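Visitor: Got a structure for you, questions after.
The values are calculated or read from the model by the stated rules, or taken from the named source; none is laboratory data. Remember, it's a predicted structure, so these values are computed and weren't measured experimentally. Cβ placement follows ideal geometry from the backbone for every residue including glycine, while neighbour counts extend to all protein chains displayed.
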Amino acid sequence: MVIPNTQRHVLESAIVDETFKLHVYLPRGYQEMADPLPVVYLLDAEYSFGAVAYIIRRLIKDDLIPPVLLVGVAYEQPYEEYYARRERDFTPTRAHLSDFPNAGFGEGFAQVIREELIPFVNGHYKVDPADKTITGLSFSGLFSTYLLFKEPDLFQRYVIVSPSLWWDSGILFRYEEDYRAGSDVLAARVFFGAGEQDGPNILSDLEHMEELLGRRRYQRLDYQVRLFPDETHRTILPIAVSHGLRFVFLTDPGQPE
């Protein structure tokens, strides 16, 4: 089955010596739209692009979010190779090497996004370069949180689902501490979501993140942390993305979803 209004591209990365497959969903009427669109970048597109494209189509139709361009980033490799690549690209440090021998290229993958992926999309589509969203689950949620504190000018909106904040003894919290030492401004709209059955590490880390951001009182940061009953690490993505996109695209942060 072919998903309507979609296109595919190949992105050859010189930075990581990798061929990425890009899946692009165009909102209905895209060709007639005069204004450039916000872009939602979706990691782990192998298993999530179809579901998220459908969610975005329905949210746009119901005027719950504005028209957006969805760009899914995939490897399209066999199972073991896929997991080795996401382990490589989505982890910021070479920790846990006995279990994750390919880890630690997160900084390089951020360079891929900044210098290769975003320019490619900006050059091929009518998009607003100042309105970009990153979406990730688990390891790609870890990487999305890494970008929030280490590359905060790269994205303006974040939908972060069940992030693996346990990585390297919680190094993301140290990155946040380093960022806060240099600035009390964090210009972003951020949604953190997880399932109540997601596992104790993810839930406790999200609770800690929520408490931490509440204490920091960053200027220009709007955020929400939300848990969903009965959802697990395997089932959480669709409902969290649906609520997360609605939150990050709210025109008035004071209004409920």
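Visitor: Given the condition small (Gly, Ala, Ser), touching a residue at least 60 places away in the same chain (Cβ under 8 Å) and either surrounded by 15 or more Cβ atoms within 10 Å (Cβ to Cβ) or over 22 Å from residue 164 (Cα atoms) (or both), answer yes or no: does some residue in region 37-60 qualify? First the steps, then the outcome.
Guide: Taking region 37-60 as the starting set, the residues that turn out to be small (Gly, Ala, Ser) are 45, 48, 50-51, 53.
Now narrow it down to the ones that are touching a residue at least 60 places away in the same chain (Cβ under 8 Å): 48, 51.
Then drop every residue that is not either surrounded by 15 or more Cβ atoms within 10 Å (Cβ to Cβ) or over 22 Å from residue 164 (Cα atoms) (or both), which leaves 48.
Yes - at least one qualifying residue is present in region 37-60.
Visitor: Can you go through 140, 164 and tell me which one is closer than 18 Å to residue 83 by Cα, of a type in the set (Ser, Thr, Tyr) and touching an Asp or Glu at 6+ places or on another chain (Cβ under 6 Å)? So that I can check it myself, show each step before the final result.
Guide: Values: 164 fails: touching an Asp or Glu at 6+ places or on another chain (Cβ under 6 Å).
Checking each option against the conditions leaves just 140.
Visitor: Now, a different point. Does residue 127 satisfy the condition of being out of contact with any Ser or Thr (no Cβ under 9 Å at 6 or more places or on another chain), among the β-branched types (Val, Ile, Thr) and modelled with pLDDT of 95 or more?
Guide: yes
Visitor: Mind counting the residues in region 8-31 that are part of a strand (DSSP E or B), closer than 19 Å to residue 50 by Cα and in contact with a helix residue (DSSP H, G or I) (Cβ under 9 Å, 6 or more places away or on another chain)? Before the answer, list the steps.
Guide: First, pick out the residues of region 8-31 that are part of a strand (DSSP E or B): 8-13, 18-25.
Next, from what is left, pick out any that are closer than 19 Å to residue 50 by Cα: 8-10, 20-25.
From what is left, the residues that are in contact with a helix residue (DSSP H, G or I) (Cβ under 9 Å, 6 or more places away or on another chain) are 9, 20-25.
The total comes to 7.
Visitor: Could I ask something else about it? Any residue that is assigned to a strand (DSSP E or B), of a type in the set (A, V, I, L, M) and surrounded by 12 or more Cβ atoms within 10 Å (Cβ to Cβ) - is there at least one of those in region 165-180? Working first, answer last.
Guide: So in region 165-180, the residues assigned to a strand (DSSP E or B) come out as none.
Among the residues of region 165-180, not one is assigned to a strand (DSSP E or B), of a type in the set (A, V, I, L, M) and surrounded by 12 or more Cβ atoms within 10 Å (Cβ to Cβ), which makes the answer no.
Visitor: Take the residues in region 122-147 that are assigned to a helix (DSSP H, G or I) and of a type in the set (Gly, Ala, Ser), then tell me which one is farthest from residue 212 (Cα to Cα).
Guide: Just the residues of region 122-147 that are assigned to a helix (DSSP H, G or I), to begin with: 122-124, 139-147.
Next, from what is left, pick out any that are of a type in the set (Gly, Ala, Ser): 123, 140-141, 144.
Numbers: 123: 38, 140: 21, 141: 18, 144: 17 Å.
This residue is 123.
Visitor: Here is a follow-up. Got a sec? Which of 85, 57 is at pLDDT 95 or above, charged (D, E, K, R) and within 18 Å of residue 245 (Cα to Cα)?
Guide: Among 85, 57, only 57 is at pLDDT 95 or above, charged (D, E, K, R) and within 18 Å of residue 245 (Cα to Cα).
Visitor: Taking residue 119 and the conditions (1) more than 17 Å from the chain's Cα centre (by Cα); (2) over 19 Å from residue 211 (Cβ atoms); (3) touching a residue at least 24 places away in the same chain (Cβ under 8 Å), which numbered condition does it fall short on, given that it satisfies the others?
Guide: Only one criterion in (1) more than 17 Å from the chain's Cα centre (by Cα); (2) over 19 Å from residue 211 (Cβ atoms); (3) touching a residue at least 24 places away in the same chain (Cβ under 8 Å) is unmet by residue 119, namely (3).
Visitor: Now, a different point. Give the residue, chosen from 103, 84, 110, that is within 30 Å of residue 239 (Cβ to Cβ) and either crowded, with 22+ Cβ neighbours inside 10 Å or basic (Lys, Arg) (or both).
Guide: On the way: 84 fails: either crowded, with 22+ Cβ neighbours inside 10 Å or basic (Lys, Arg) (or both); 110 fails: either crowded, with 22+ Cβ neighbours inside 10 Å or basic (Lys, Arg) (or both).
It is 103.
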